[in-house]
Amino acid sequence: PLVRDPTPIIEADVLVVESTYGNRLHKSLAETYDEFSSVLARVLPRGNVVVPAFAVGRSQELLYWFAKHFEDWNLGRWRIFMDSPMASKVIEVYDRHEELFDDDAKAMFHGKPHPFRLPNLKYTTDVEDSKAINEHNGGCIIIAGSGMCNGGRIRHHLLHNLGSAKNHVLFVGYQSAGTLGRMLVDGVSEVKLFGEQVKVNAQRHTIG
């Protein structure tokens with residue numbers, strides 16, 4: 001939704017297509033929005049929403065949709081954390097290259113709220129700031145890498161949030177077989193994090 005659409009190619013002798021998601025039918029964007037907003041509506045004020053997200057592309061896209069739906073998803077009621085130093089650096093790159101955006105994205109970035117400067121959004125690059133997020137027992141949307149939960153800060157947030165049924169884990173990207181993310185999507189009841197067995201009581205959702 002951010003960068004300009006590629007120029008269509010009318011014909012080719014050979015077409016090679018990478019297709020991570022190509023073997024299934026997908027929900028429409030409207031259905032996806034409805035599902036996202038329904039999850040948020042169910043969580044507040046008691047729990048947190050933990051979102052494993054890839055630092056390049058998906059994290060920035062999430063903020064774009066948050067800005068676009070800031071009012072109708074009642075996002076002003078949340079504390080939103082982007083807990084990924086790499087995602088923060090990538091956002092700086094997006095900021096410098098608005099000439100690559102499509103018209104809708106340009107309009108968003110010149111309106112309010114600005115996708116990368118939401119009024120309740122905090123970027124946490126410092127380790128101590130990252131740890132402090134887990135002092136909040138509810139009302140937080142925590143976006144962190146890695147997207148498949150195999151490394152990065154997301155594992156710390158899962159350690160602190162998986163045990164409670166009031167919390168939700170929202171998967172917004174593909175989870176490869178053998179990853180912690182895939183195990184959680186497949187419904188395991190217990191996982192091992194930092195040498196500790198953790199019961200999975202949090203609710204899990206996969207958003208296309």
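Structure above, values below:
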item	result
Relative contact order computed over the chain (Cα-Cα under 8 Å; 6+ residues apart), in percent	29 percent
Acute angle (nearest 10 degrees) that the helix 58-68 long axis makes with the longest principal axis of the chain, alpha-carbon atoms	80 degrees
Ranked by how many other beta carbons lie within 10 Å on average, peptides 157-167, 120-130, 174-184 from highest	157-167, 174-184, 120-130
Dipole magnitude of region 132-195, debye to nearest 20 (Cβ charges: Lys/Arg +1, Asp/Glu -1, about Cα centre)	80 debye
Under 5 Å, built H, 5+ apart or other chain: amide partners of LEU193	VAL198
Extension gain, SER189 back to ALA177 (0.36 nm per residue minus Cα-Cα distance, nm)	2.6 nm
Dipole of region 104-208, positive end: most advanced residue of ASN161, GLY139, GLY181 [Cβ charges, Cα centre]	GLY139
Size descriptor, Kirkwood hydrodynamic radius, that averages inverse alpha-carbon separations across region 1-90, Å	16.1 Å
Test item: Cα-centred dipole of the chain, Lys/Arg +1 and Asp/Glu -1 on Cβ, debye	940 debye
Dipole magnitude (debye, nearest 20) for region 94-152, charges at Cβ of Lys, Arg, Asp, Glu	180 debye
Helix 29-43 axis, angle to the chain major axis (alpha carbon atoms, nearest 10°)	20 degrees
Sites ASP102 and ASP13 - FRET efficiency at Förster radius 35 Å, r taken between beta-carbons, to 0.05	0.75
Calculated FRET value between ARG24 and ARG4, using beta carbons and R₀ = 35 Å, to 0.05	0.80
Under 5 Å, built H, 5+ apart or other chain: amide partners of LYS122	ILE80, PHE81, MET82
Principal-axis tilt of helix 85-96 within the chain, Cα atoms, nearest 10 degrees	30 degrees
Probe 1.4 Å, accessible area per residue of region 1-120, Å²	63 Å²
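The values are calculated or read from the model by the stated rules, or taken from the named source; none is laboratory data. Just so it is clear, the model here is predicted, and its values are computed rather than measured. Counting neighbours? That spans all protein chains shown, and the Cβs are built from the backbone with ideal geometry, glycine included. Side chains are part of the model used for accessible areas, which takes the heavy atoms of the whole protein and leaves out ligands, DNA and RNA. Shrake-Rupley method; radii C 1.70, N 1.55, O 1.52, S 1.80 Å.
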